[in-house]
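The values are calculated or read from the model by the stated rules, or taken from the named source; none is laboratory data. Model, not experiment: these values are computed from the prediction. Every residue, glycine among them, receives a Cβ derived from its backbone with ideal geometry; neighbour counts consider all protein chains shown. To get the accessible areas, we keep the full protein, side chains included, count just its heavy atoms, and leave off ligands, DNA and RNA. Shrake-Rupley method; radii C 1.70, N 1.55, O 1.52, S 1.80 Å.
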Amino acid sequence: MKIDVIIPIYKPGPELFTLLDKLEAQSVRAENIILMNTGKKYFEALIEGMAFADKYPNVKVYHLTKKEFDHGTTRRQAVGYCQGEVFVMMTQDAMPADPFLLERLVEGLSGTVAVAYARQLAGSDSSELEKVSRMFNYPEHSQVKTKADLKNMGIKTFFCSNVCAAYRRDVYEELGGFVGHTIFNEDMIYAAGAIRANYGVAYVAKARVVHSHNYTNICQLRRNFDLGVSQAQHPEVFGAVTSEAEGKRFVKAAWGYFKKGRQLYKFPGFCLQCGFKYAGYLLGKHYDRLPRSLVLRLTTNKEYWERHEKDTYT
């Protein structure tokens, strides 16, 4: 089975070479690694003085401007460059934890599974708040989610992450691919379509990448603003399910985590961060009632709004 890997990149640093080397060392090798690079000058500065094409002959680089980048459209374009039966979406800050990442992801695409996503581990420099988030969203046990899980799992049924996820190309084409022009959540929107078409979404705990961030509260607010916008703009996916119940479960899990580690003094800081997340989410859900100037201050993706001409602002 031929596998292609797709990685959107922006202002990459030397860690990109580490990522490429780890991908080259996988037990199942990728046929092609496709880099969708935003900002040609940044990439050229990184590889200046080295024979990049000679060192990485199966890496193909496509350049686009920041205004052209879009979470859904750019990935759709990249899939068009693929030749394999499976393609793996990754981000430039996701590092394979071992040489078996691709092998185990592909193994997860069995039966009626349309997409399989990897477990994300917190980095060694992660805060306790980030560690509990990774433990909650990416537990130790694998799972295949189907339409039957909607009643009990709600929005979590659609959870999937293009930080590292493998897709069956035939099912991708059947379902119409990633939604075009979206600010966020192209992975969950696709997963929701797969679930409703009676396919499964697999979480493969043995396929592991190291990926985490120590975001400030303001950064969390802005990221969750974009998340709320994406949910508001896709009521056909998110209208019948809510995120609030999942948030309550997260807080309960965090309380247990800090209590077990005798770190309850960190719980107020966790709650404060959750407050910023929820505020951003609520603002994003009601973005169409906000002045355009405030939307542009809250979003992490101003270019999206420059292209989004059909919205009406008060």
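Taking the criterion of being under 20 Å from Ala118 (Cα atoms) and without any contact (Cβ under 8 Å) to a residue 40 or more places away in the chain, the residues of the stretch 2-28 that qualify are Leu20, Asp21, Glu24.
Residue by residue, here is whether (1) more than 17 Å from Glu186 (Cα to Cα); (2) open to solvent by less than 30 Å² (accessible area, probe 1.4 Å); (3) of a type outside the set (Lys, Arg) holds:
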{"residue": "Arg222", "(1), (2), (3)": "yes, no, no"}
{"residue": "Val229", "(1), (2), (3)": "no, yes, yes"}
{"residue": "Ala232", "(1), (2), (3)": "no, no, yes"}
{"residue": "Val237", "(1), (2), (3)": "no, yes, yes"}
{"residue": "Phe250", "(1), (2), (3)": "yes, yes, yes"}
{"residue": "Ala253", "(1), (2), (3)": "yes, no, yes"}
{"residue": "Tyr257", "(1), (2), (3)": "yes, no, yes"}
{"residue": "Leu264", "(1), (2), (3)": "yes, no, yes"}
{"residue": "Phe270", "(1), (2), (3)": "yes, yes, yes"}
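Screening the stretch 152-167 for residues that are touching a helix residue (DSSP H, G or I) at 6+ places or on another chain (Cβ under 9 Å) and not hydrophobic (A, V, I, L, M, F, W, C) and picking the one that is nearest to Glu107 (Cα to Cα) gives Tyr167.
When restricted to residues that are in contact with a Ser or Thr (Cβ under 7 Å, 6 or more places away or on another chain) and assigned to a helix (DSSP H, G or I), the stretch 210-230 contains 5.
Whenever a residue of the stretch 209-220 is closer than 22 Å to Leu23 by Cα, its partners that are open to solvent by 50 Å² or more (accessible area, probe 1.4 Å) and in a loop (DSSP other than H, G, I, E, B), lying with C-beta atoms within less than 7 angstrom and at least six residues away or across chains, give the pairs His211/Asp93. Taken over the stretch 50-76, residues that are closer than 16 Å to Gly39 by Cβ, open to solvent by 60 Å² or more (accessible area, probe 1.4 Å) and outside any loop (DSSP other than H, G, I, E, B) amount to 2. Of all the residues in the stretch 174-227, those that are closer than 28 Å to Trp305 by Cα and among the charged types (D, E, K, R) number 5. The set of residues in the stretch 239-248 that are surrounded by fewer than 16 Cβ atoms within 10 Å (Cβ to Cβ) and either of a type in the set (A, V, I, L, M) or assigned to a helix (DSSP H, G or I) (or both) comprises Ala240, Glu244, Ala245, Gly247, Lys248. Here Val144 meets the list (1) under 14 Å from Asn162 (Cβ atoms); (2) in a strand (DSSP E or B) almost entirely, failing just condition (1). Is it the case that Lys11 is under 23 Å from Gln77 (Cα atoms) and open to solvent by 30 Å² or more (accessible area, probe 1.4 Å)? Here the answer is yes, as Lys11 does meet what is asked.
Within the stretch 151-193, the set of residues being surrounded by fewer than 20 Cβ atoms within 10 Å (Cβ to Cβ) and either among the hydroxyl-bearing types (Ser, Thr, Tyr) or under 12 Å from the mean Cα position of the chain (by Cα) (or both) comprises Phe159, Val163.
Only one entry in Ala122, Ala148 is open to solvent by 10 Å² or more (accessible area, probe 1.4 Å) and farther than 15 Å from Ala97 by Cβ, namely Ala148.
Residues that are open to solvent by 20 Å² or more (accessible area, probe 1.4 Å) and part of a helix (DSSP H, G or I) were ranked within the stretch 24-49; the one that is nearest to Phe100 (Cα to Cα) is Glu24. Of the residues making up the stretch 275-308, those that are open to solvent by 30 Å² or more (accessible area, probe 1.4 Å), part of a helix (DSSP H, G or I) and within 15 Å of Gln220 (Cβ to Cβ) are Gly275, Phe276, Lys277, Tyr278, Ala279, Leu282, Leu283.
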